1. Where does helix 31-46 land angle-wise versus the long Cα axis of the chain, in degrees 0 to 90, nearest 10?
2. Test of understanding: express the Cα radius of gyration of the chain as a ratio to 2.2 N^0.38 Å, with N the residue count.
3. How many nm separate the modelled label positions at residue 19 and residue 41, each set 7 Å beyond the Cα in the direction of the Cβ?
4. How much length, in nm to one decimal, is gained on full extension between residue 63 and residue 166, taken as 0.36 nm per residue of separation minus their Cα-Cα distance?
5. Using label points projected 7 Å from each Cα along Cα→Cβ, tell me how many nm separate residue 72 and residue 142, to one decimal.
6. Helix 9-18 versus the longest principal axis of the chain: what is the Cα-based angle in degrees, 0 to 90, to the nearest 10?
7. As I understand it, the value is the acute angle between the Cα axis of helix 50-61 and the longest principal axis of the Cα atoms of the chain; what does it come to in degrees, rounded to 10?
8. Rounded to the nearest 500, what is the 222 nm mean residue ellipticity of the chain from helices alone, with -39500 (n - 2.57) per DSSP H run of 4+ residues and division by all residues?
C-alpha cells in the first residue's frame, strides 16, 4: 500500500479555502451567572447558611470557642427536620467542645432562628488562619525597665555565672520576676 504524500503549503490553502470547516463550539456560560438567580431564591427560601455563620462566628459562640472552632457546613435535615451544623475543631479541644454542644446549639439557633439546627457534628482538623485582628493578638506593651538598684542587685547575684546564653536567659528571667514582685 502506497502512502499519499502530505500536501504542501499551497495545496493546504486551496483545500482549506474550498472546504468549509465547522466553527468551534462556544464555551458554556459561566456557572455563577446561570446559578445566581437560583441561589438567591434558595437563600430566601431556606435562610442563611454557613457563610453567615462564618462571618459572625466570634459573636455567636464567644471568643474562647471561636479560637478553637470554625463552622464548615450546614446540612439540611430530611422531611423538614432541623439541620446539622458541622464544625471543625482544632485538635484535642474536641472533647471540650462536645461538652459545650448544647450551649453552642442554642446560640446558633438564636442567630439562625428557633429549631434551625438540631445537631452538632464535630470534625477534628486544622483551622484556617484568621483574617482580622483578634483581641488576643493585640500587640503587648513593653515592660518598664528595672531601676538601677534592682539591675545592680541582679547583676551581683549572677556574677559567678559564666558568660553566654544561659546567663543572658537568667538575666531576662530575673528582670521579669523583679518587675512583677513588689520592692523589698
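Just so you know, all these numbers are worked out from the coordinates, no wet-lab data involved. Note that the structure is a prediction, hence the values are computed from the model and not measured. All Cβ positions, even for glycine, are placed from backbone atoms using ideal geometry, and neighbour counts span all protein chains on display.
1. Tilt of helix 31-46: around 60 degrees.
2. Working: Rg = 33.4 Å, N = 184, 2.2 N^0.38 = 16.0 Å.
Taking N as the residue count of the chain, the ratio is 2.09.
3. Taking the two extended label points, one gets 4.6 nm.
4. Values: separation 103, 0.36 × 103 = 37.08 nm, distance 3.75 nm.
So the chain would gain 33.3 nm between residue 63 and residue 166.
5. 4.4 nm
6. Tilt relative to the chain: about 70 degrees.
7. Here the helix axis deviates by roughly 10 degrees.
8. Working: 8 runs with 88 residues, N = 184.
Per the formula, -14500 deg cm²/dmol.
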